[in-house]
1. What residue, of Ile228, Ile232, is of a type outside the set (S, T, N, Q), open to solvent by 10 Å² or more (accessible area, probe 1.4 Å), closer than 18 Å to Leu310 by Cα and modelled with pLDDT of 95 or more?
2. Of the residues that sit in segment 299-314 and are open to solvent by 40 Å² or more (accessible area, probe 1.4 Å) and of a type in the set (Gly, Ala, Ser), which one is nearest to Lys236 (Cα to Cα)?
3. One residue is enough: does segment 172-186 have a residue meeting the conditions modelled with pLDDT under 95 and out of contact with any strand residue (DSSP E or B) (no Cβ under 8 Å at 6 or more places or on another chain)?
4. If Thr148 meets every condition in (1) open to solvent by 10 Å² or more (accessible area, probe 1.4 Å); (2) among the polar types (S, T, N, Q); (3) at pLDDT 95 or above apart from one, which number is that one?
5. Could you please give the count of residues in segment 125-138 that are surrounded by fewer than 19 Cβ atoms within 10 Å (Cβ to Cβ) and modelled with pLDDT of 90 or more?
6. Among the residues of segment 173-188 satisfying the criterion of being over 31 Å from the mean Cα position of the chain (by Cα) and among the hydrophobic types (A, V, I, L, M, F, W, C), which is least open to solvent (accessible area, probe 1.4 Å)?
7. Among what's in segment 65-110 and is modelled with pLDDT under 95 and polar (S, T, N, Q), pick the residue that is most open to solvent (accessible area, probe 1.4 Å).
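The values are calculated or read from the model by the stated rules, or taken from the named source; none is laboratory data. All of these numbers come straight from a predicted model, not from anything done at the bench. With ideal geometry, Cβ positions are generated from the backbone for all residues, glycine too; neighbour counts draw on all protein chains shown. Heads up: the accessible areas ignore ligands, DNA and RNA and are worked out on the full protein's heavy atoms, side chains in. Shrake-Rupley method; radii C 1.70, N 1.55, O 1.52, S 1.80 Å.
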Amino acid sequence: MGEESVAPAGPRVEEPALTVRPRPKSFFQRRRFLWSFLPPALLGISGVIALLVSSNLLLPFQQVVTLQGKVASKADFFEDEEVQRILIKNNIRVHVARSGSREIATHDIDSYDFVMPSGQPSADLVTKSQYGHAKVYRPFTTPLVLATYRAYAEVLVGAGVAKPEKNSTGPDTLYYDLDTERFLNLVQSGKTWHDLEIQQYGTKNLNRVIAQTSNVCDSNSAGTYLGIVAFIKNDKQIPQTEQEADLLGAKIRPLLTGQGLPPADMFVPYITPEGRGTAPIVVVYENQYLNYQIRHRANHGSVDMDRVLLYPSAGFETSPQLISLNSKAVRLGDLLTSDPALMLRAMELGYRVLDPRGATTSDQLSQFLAQHGIQAPHTTGDDTKTYLPRLPLLERMIIRVGDCR
């Protein structure tokens with residue numbers, strides 16, 4: 001048999017390999033996968049939110065009510081950074097325009113949400129006007145005082161008009177008691193500081209002895225001092241008729257305008273070097289002086305021993321009043337009279353804060369000053385009680401003394 005021939009093998013062809021892709025996860029499988037990351041994500045988000053809330057960073061996203069106010073000398077309170085922070089925390093922002101107390105009461109205030117004159121006479125003028133929604137708040141008080149320099153205070157001691165405050169320690173007291181009647185008699189005599197030998201203290205001043213006030217036509221402190229002077233010079237009686245008010249106003253005018261009526265707040269020049277020569281005794285509020293000494297102590301490590309206070313025996317405690325003119329400002333008044341943080345800050349700024357019963361917290365103020373190395377004023381409680389004339393008669397005297405328009 002013949003051999004069977006075999007054809008040579010050609011190139012080997014392999015079958016193509018098939019790639020099997022995994023079956024895609026269903027919607028439910030993916031959701032279970034994502035849920036495994038949710039708890040830590042939520043924990044992180046909650047931590048961020050807590051941080052934002054604690055640092056007040058979320059406040060811009062909350063509704064903040066902006067109030068426009070017209071405020072007298074207590075504008076410093078609302079301009080304090082800590083007060084602003086507390087108010088913002090309570091969703092309130094306050095913008096204030098400065099003005100004299102009486103100017104607030106005698107000019108248009110329709111564009112404001114609240115006003116805050118520095119005392120009751122001007123506040124009464126506001127509440128007696130057309131503002132039917134007015135609500136009055138009294139958050140704190142502060143006495144009317146006379147600010148001066150140690151050399152001038154010691155000259156008055158030598159003249160028998162003043163003496164270091166009771167219970168003061170050592171010769172470097174910050175506070176003196178002033179016999180108001182004797183002081184006004186000294187002013188009425190026309191004597192100069194040179195006559196009282198102020199030069200013995202290295203100071204030259206040929207001006208008359210007088211306590212200078214801001215403009216009586218605009219200022220509560222000036223109007224209140226006018227009432228004190230009128231009370232003392234009228235044998236501690238208030239005028240009862242327009243005729244009596246006119247005669248008394250003419251009588252006391254030289255005691256208030258002997259060196260003019262400066263329009264500005266007198267405390268600003270008092271704390272400048274020039275104040276010693278131009279206005280050595282000025283009518284101010286106690287809180288202004290205490291706040292100055294608190295800041296001086298913080299900035300310089302000691303109190304200013306050269307600037308001192310005279311407490312008139314015919315004392316008068318002024319009561320600044322916040323008056324809400326619409327419903328938006330009511331919450332601001334409620335906060336000022338009830339919020340512990342705002343009440344504490346007011347005390348730190350030198351005010352005698354009123355508690356919910358309307359009683360002053362003078363002891364707490366004294367403790368605060370002592371803790372900061374500042375002598376606290378001593379309230380004797382035996383000063384002459386001063387009464388102001390009825391509002392229409394006081395207004396009449398102010399207009400006459402100040403030639404107010």
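1. Just a single option satisfies the conditions, and that option is Ile232.
2. Across segment 299-314, the extreme among qualifying residues is Ser302.
3. Checked segment 172-186: at least one residue is modelled with pLDDT under 95 and out of contact with any strand residue (DSSP E or B) (no Cβ under 8 Å at 6 or more places or on another chain).
4. For Thr148, the failing item is (1).
5. Residues flagged as surrounded by fewer than 19 Cβ atoms within 10 Å (Cβ to Cβ) and modelled with pLDDT of 90 or more within segment 125-138 amount to 3.
6. Filtering first and then ranking leaves Val187.
7. The selected residue is Thr106.
Here is a yes/no grid of residues against (1) among the aromatic types (Phe, Trp, Tyr); (2) in contact (Cβ under 8 Å) with a residue 24 or more places away in the chain; (3) open to solvent by 40 Å² or more (accessible area, probe 1.4 Å):
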site: Phe316; (1), (2), (3): yes, yes, yes
site: Asp363; (1), (2), (3): no, no, yes
site: Gln375; (1), (2), (3): no, yes, yes
site: Tyr387; (1), (2), (3): yes, yes, yes
site: Leu391; (1), (2), (3): no, yes, no
site: Met397; (1), (2), (3): no, yes, no
